Amino acid sequence: MVNNTESIRSLQDTTTRHEQTLASLETHVANQEKWNTTTQITLREIARQLQNIAAQLGSSATTSADDKITADSTLHRGKTKVRSDSDDTFSFPSKLVQVELPIFIGDDPEGWISSAHDFFEFYGTDDHHRVTMASFRMTSTTKKWFWWMQ
């Protein structure tokens with residue numbers, strides 16, 4: 001009889017532990033569901049804010065009349081040319097394109113000048129900056145010649 005009583009107590013203890021574990025798991029799942037809901041709300045808010053920012057960046061870039069920047073203007077930031085989404089002539093409206101000025105090592109000067117011209121036109125570089133910028137992409141021999149000609 002003692003064996004049966006001990007077995008019943010052991011079984012009851014095990015059942016109690018399982019019930020406690022189950023209650024703990026249910027609490028944990030409920031907390032996870034709350035966290036998931038909160039995270040989804042936060043992500044929706046972030047997505048909404050990003051859409052607003054994207055709309056603002058894509059909308060007309062206007063400043064004071066002194067700056068004379070309009071929606072049709074092309075904005076320059078660093079090496080990347082930023083164009084508005086309404087620019088139909090740009091083949092990659094949703095992506096930023098980076099064009100690099102090739103290094104001139106002395107071979108094919110006409111080809112290099114053509115590539116440099118394309119680069120400067122793409123970035124809208126002022127004429128008075130073109131020669132200086134081009135000198136940054138010359139190798140030692142051509143750079144020495146360039147500075148000698150200056």
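Quick notes
- The stretch 135-150 residues that are farther than 18 Å from H117 by Cα, paired with ones that are at pLDDT 75 or above and part of a helix (DSSP H, G or I) (beta carbon under 8 Å, 6 or more apart): K143/S135; W147/S135
For every residue, the table says whether it meets (1) of a type in the set (K, R); (2) at pLDDT 80 or above; (3) assigned to a loop (DSSP other than H, G, I, E, B); (4) under 30 Å from the mean Cα position of the chain (by Cα).
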{"residue": "A71", "(1), (2), (3), (4)": "no, no, yes, yes"}
{"residue": "H76", "(1), (2), (3), (4)": "no, no, no, yes"}
{"residue": "D88", "(1), (2), (3), (4)": "no, no, yes, yes"}
{"residue": "S91", "(1), (2), (3), (4)": "no, no, yes, yes"}
{"residue": "H117", "(1), (2), (3), (4)": "no, yes, no, yes"}
{"residue": "H128", "(1), (2), (3), (4)": "no, yes, no, no"}
{"residue": "M133", "(1), (2), (3), (4)": "no, yes, no, yes"}
{"residue": "T142", "(1), (2), (3), (4)": "no, no, no, no"}
{"residue": "F146", "(1), (2), (3), (4)": "no, no, no, no"}
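- Considering (1) of a type in the set (A, V, I, L, M, F, W, C); (2) without any contact (Cβ under 8 Å) to a residue 12 or more places away in the chain; (3) closer than 30 Å to L57 by Cβ, the lone condition that F120 does not fulfil carries the number (2).
The values are calculated or read from the model by the stated rules, or taken from the named source; none is laboratory data. Computed from a prediction, not measured in an experiment: that's the story for all the values here. Note that each Cβ is placed from the backbone with ideal geometry, even for glycine, and that neighbours are counted across all protein chains shown.
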